[in-house]
Amino acid sequence: MEDMEVEKNSEGSSSSNNNNSSISNEFDLETYINNYTGFTKIYRLIFIAENCKPLEVEAYNMALKEVQKTPNLELYNNIINKSHGILEFDPSYIENLSKKNSLQLDKLEQDLNTAKSNMVKDSIRFAQNDLGEFYYKLGDHQNALKCFIRTRDYCTTSKHVLAMCFNIIKLGVDNQNYTHAPSYIAKAEQSPDLDSASNAKLRSVNGLLNLDSSRFKLAARKFIETPFEQSNVFSDIISPQDIAYYGGLCALATFDRNELKKKVIDDPMFKNYLELVPELRELINDFYNTKYGSCLKYLDKMKPILLLDIHLYKHVESLYQKIRSKALIQYFSPYQSVDMNIMAGAFNTTVIQLEREISKLIMDGDIQARIDSHNKRLYARKADQRTTTFEKTVQVGSDFQNSSNSLLLRLEMLNNNISTVSNRKDTDRSNWEHSLHHPHQMFNLFNNKF
């Protein structure tokens with residue numbers, strides 16, 4: 001079986017040892033890309049073409065076909081230039097589309113001016129929205145953003161506000177620039193007209209926002225909460241399979257065993273997503289059942305595909321490292337000592353590499369243990385239970401004494417009709433506050449005053 005090689009992406013997020021990672025020729029680009037619509041479909045094709053040499057020709061041809069369905073000449077030129085001679089410019093197509101775009105832009109601007117002269121709010125909002133949508137299709141996101149924001153002044157219902165929020169959020173997702181997204185997500189969530197489809201879309205976008213910021217636990221929660229029955233309504237952003245991958249991997253990296261069982265494995269809604277990606281479902285089950293060798297094999301197998309995902313690629317290494325570290329910690333936690341040769345076999349690695357990983361976890365404080373390098377054993381470093389119990393007992397006694405002294409102090413203050421007043425000098429106040437922490441000094445203060 002021939003294998004395809006995944007090249008390092010242009011931003012250099014993948015480490016050098018991933019440059020020769022292979023992706024099976026069973027990866028069906030057409031089936032994969034048909035899960036998406038709109039510009040995200042084109043952007044994903046370009047990303048795949050740039051990062052997977054064997055799929056380069058097919059991806060560029062598909063991207064060209066999709067971009068020709070839009071008026072976006074800038075993106076058309078970018079695809080041709082990036083293809084390194086695979087594709088050629090069509091001068092007549094460029095000339096005709098340029099004229100058509102110019103006429104359409106003039107018409108939309110004229111419609112906006114007419115609406116403003118008539119001073120009808122709905123007409124102005126429609127005209128601004130149409131102009132913004134056309135700028136968006138042209139790839140002029142800056143002018144599109146200005147038009148969408150201007151519609152805010154002409155929104156007369158909560159539905160109008162919701163539509164405006166989604167337009168601005170869509171721009172942010174396409175650019176992977178989430179500067180405006182948090183405020184407009186919050187505004188959209190407050191809308192009384194928020195239906196289930198819109199709610200699902202907001203949760204998925206919120207997940208992408210947290211994923212982009214490497215807040216993996218929050219991202220996992222948002223993806224897991226996305227209703228499955230509405231998962232096909234936002235194919236212009238992500239697919240249901242993406243939600244499974246993003247939510248599942250982020251949960252593996254951050255959830256504890258109880259959360260993983262309750263919120264992922266047994267969750268009736270997220271189960272539907274996992275059914276779309278059987279390998280991911282088996283991976284999560286193996287991790288929970290401590291079958292770490294099988295789990296890591298699944299991770300290695302799907303890694304080349306994940307590196308071709310436009311949103312996930314820059315987080316793959318970090319997520320994989322967190323999942324592996326978590327597996328090492330869970331493997332060792334029940335034991336007093338472990339033979340590192342056996343442990344290395346369970347994790348499909350060498351003893352030397354395992355020793356390096358364990359050493360880092362020990363230095364980071366994630367594993368309380370020590371390594372016997374000579375005998376290749378790992379020993380748990382347990383706390384002195386007798387000393388710990390004694391310290392806790394002393395602390396409980398001290399807390400009880402302070403609580404009793406404070407209670408006696410309050411009773412003494414009531415018996416002597418003493419209360420604080422608002423115009424007390426700062427120095428007196430500080431004396432009283434200090435005395436509250438040192439009750440025996442308060443009684444001395446009583447003696448001085450009486």
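The values are calculated or read from the model by the stated rules, or taken from the named source; none is laboratory data. This structure is a prediction, so every number in the text was calculated from the model and none was measured. Neighbour counts run over all protein chains shown; Cβ positions are idealised from the backbone, glycine included. Side chains included, ligands, DNA and RNA excluded: accessible areas come from the protein's heavy atoms. Shrake-Rupley method; radii C 1.70, N 1.55, O 1.52, S 1.80 Å.
Given the residues E279, E355, E275, which is the only one that is open to solvent by 10 Å² or more (accessible area, probe 1.4 Å), not assigned by TED's automatic domain parsing to the domain that holds L252 and not aromatic (F, W, Y)?
Numbers: E279 fails: not assigned by TED's automatic domain parsing to the domain that holds L252; E275 fails: not assigned by TED's automatic domain parsing to the domain that holds L252.
Checking each option against the conditions leaves just E355.
Check region 294-307 and report whether any residue there is among the polar types (S, T, N, Q), farther than 26 Å from I48 by Cβ and open to solvent by 40 Å² or more (accessible area, probe 1.4 Å).
Of the residues in region 294-307, the ones among the polar types (S, T, N, Q) are 294.
From the residues that got through so far, the ones that are farther than 26 Å from I48 by Cβ too are 294.
Going one step further and asking which of them are open to solvent by 40 Å² or more (accessible area, probe 1.4 Å), we end up with 294.
Yes; the residues of region 294-307 include at least one that is among the polar types (S, T, N, Q), farther than 26 Å from I48 by Cβ and open to solvent by 40 Å² or more (accessible area, probe 1.4 Å).
Identify the single condition in (1) modelled with pLDDT of 90 or more; (2) over 23 Å from S235 (Cα atoms); (3) among the hydroxyl-bearing types (S, T, Y) that Y154 does not satisfy, given that it satisfies every other one.
Tallying (1) modelled with pLDDT of 90 or more; (2) over 23 Å from S235 (Cα atoms); (3) among the hydroxyl-bearing types (S, T, Y), Y154 fails exactly one: (1).
Just to be sure before I move on: is I224 closer than 23 Å to N175 by Cβ and either among the hydrophobic types (A, V, I, L, M, F, W, C) or not assigned by TED's automatic domain parsing to the domain that holds L299 (or both) in the structure I sent? Lay out the reasoning, then the answer.
Details: closer than 23 Å to N175 by Cβ: no; either among the hydrophobic types (A, V, I, L, M, F, W, C) or not assigned by TED's automatic domain parsing to the domain that holds L299 (or both): yes.
Judged against the criteria, I224 is not a match.
Please indicate, with yes or no, whether at least one residue in region 366-378 is over 24 Å from T290 (Cβ atoms), free of Cβ contacts under 8 Å to residues at least 40 places away in the same chain, more than 32 Å from the chain's Cα centre (by Cα) and open to solvent by 60 Å² or more (accessible area, probe 1.4 Å).
Within region 366-378, the first condition is being over 24 Å from T290 (Cβ atoms), and the residues that meet it are 373-375.
Keeping just the survivors that are free of Cβ contacts under 8 Å to residues at least 40 places away in the same chain gives 373-375.
Those still in the list that are more than 32 Å from the chain's Cα centre (by Cα) too: 373-375.
Checking which are open to solvent by 60 Å² or more (accessible area, probe 1.4 Å) leaves us with 374-375.
Yes, that holds for at least one residue.
Take the residues of region 65-94 that are open to solvent by 100 Å² or more (accessible area, probe 1.4 Å) and over 21 Å from T40 (Cα atoms): which is modelled with the lowest pLDDT?
Residue satisfying both the conditions and the ranking: H84.
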